[in-house]
1. Test of understanding: in a Gaussian network model of the chain with alpha carbons linked when under 10 Å, which of S98, S114, S128 would top the mean-square fluctuation ranking?
2. Please give the per residue accessible area of the stretch 30-118, computed with a probe of 1.4 Å over protein heavy atoms only, in Å².
3. If packing is taken as the mean number of other Cβ atoms within 10 Å per residue, what is the order of 161-172, 222-233, highest first?
4. Got a number for the accessible area of R214? Probe 1.4 Å, square angstrom, nearest 10.
5. Grab the beta carbon distance between N22 and L252, set R0 = 51 Å, and tell me the FRET efficiency rounded to 0.05.
6. Please tell me the relative contact order of the stretch 92-185 in percent, rounded to the nearest whole number, where contacts are Cα pairs under 8 Å and at least six residues apart.
7. Which pairs, out of K149/K235; K145/K225; K103/K149; K26/K129; K145/K235; K145/K169, put more than 20 Å between their alpha-carbon atoms?
8. Relative contact order, percent, of the chain when contacts are C-alpha pairs under 8 Å separated by at least 6 residues?
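The values are calculated or read from the model by the stated rules, or taken from the named source; none is laboratory data. Everything numeric in this text was worked out from a predicted model, so none of it was measured. Glycine gets a Cβ as well: all are built from the backbone with ideal geometry, and neighbour counts include every protein chain shown. Heavy atoms of the whole protein, side chains included, go into the accessibility calculation; ligands, DNA and RNA do not. Shrake-Rupley method; radii C 1.70, N 1.55, O 1.52, S 1.80 Å.
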Amino acid sequence: MQPTQQHRAKKSLGQNFLVDRNICEKIVSRLNIHPEDTIIEIGPGQGALTSLLVESDAAKVIALEKDEDLVNSLTQRWPELEVRNMDALEFDWQSLSSLKPYKIIGNLPYNIASKLIWDIVSMTRKCSKAVFMVQHEVALRLTAKPSNKQYGGLTVWVKNHARTSYAFKVPASVFRPKPNVDSAIVDFFPFEDNALPENSFQLEALIKTCFQKRRKQLRNILKLKWNTDFEQWFKEASLTPQLRPENLSPELFRSLSRLM
């Protein structure tokens with residue numbers, strides 16, 4: 001799947017372009033696109049996924065592309081495609097709430113993937129599904145279970161906003177230029193509004209506080225805020241304060257954050 005014009009990948013933007021059509025078809029198929037869907041694509045690059053999205057039954061496709069050279073190329077190739085020349089980190093994800101139903105897809109640059117996903121899962125509403133390609137290591141973190149070395153703050157935050165599922169591994173050989181690591185596809189199924197954290201600010205603060213000191217015991221991490229409420233919470237949950245952050249499930253983090 002080669003573009004009509006060659007584009008030199010920009011390392012500063014973390015550009016690695018997909019060149020295997022079979023892999024692209026496999027990724028896009030995971031969105032389960034319906035005629036009423038609006039699709040938001042992050043980082044379309046040379047259009048490997050975009051061509052399939054435009055050819056799909058989607059009602060509309062919106063592409064967010066930071067590289068102005070690529071924006072011009074995408075617009076010329078697909079006049080029906082709505083291309084926004086911008087950094088996805090600066091996009092107002094809350095503005096999509098009027099677009100329901102909509103889905104999000106993207107081959108995310110390694111250098112911003114974690115931050116971008118952190119924002120998307122907490123800011124999007126009415127998104128029915130998202131499919132992201134990320135560095136394989138990040139994929140393991142996004143889908144990790146408690147008491148696992150990959151389990152961390154990103155895991156807890158994401159799993160309080162969406163269900164995640166590891167789909168399949170993508171070898172480095174299907175990219176140009178070829179990256180130094182493999183990638184993987186992760187499916188996201190965002191929760192309904194009534195299943196989201198009641199106070200995201202408290203949850204975020206707790207996650208960051210705990211995982212900045214992940215090797216310490218929770219009793220020591222929270223010692224400046226410790227009181228009888230914390231003692232009672234651990235007792236009712238049948239947990240010991242000597243546990244480390246990686247031992248608490250996403251649901252327990254949400255519950256504990258209410259005491260912050």
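1. Looking only at S98, S114, S128, the biggest GNM fluctuation is shown by S98.
2. Details: 3840 Å² over 89 residues.
In whole numbers, the stretch 30-118 has 43 Å² accessible per residue.
3. Numbers: 161-172: 16.8, 222-233: 12.3.
In descending order of packing, they fall as 161-172, 222-233.
4. Here the accessible area works out near 60 Å².
5. Values: r = 41 Å, r/R0 = 0.81.
Between N22 and L252 the formula returns 0.80.
6. Details: 122 pairs, mean separation 26.4, N = 94.
Taking the mean separation of contacting Cα pairs over the length of the stretch 92-185, I get 28 percent.
7. Working: K149/K235 26 Å; K145/K225 27 Å; K103/K149 31 Å; K26/K129 16 Å; K145/K235 23 Å; K145/K169 18 Å.
K149/K235; K145/K225; K103/K149; K145/K235, as the Cα separations exceed 20 Å there.
8. Details: 443 pairs, mean separation 42.0, N = 260.
For the chain, the relative contact order is 16 percent.
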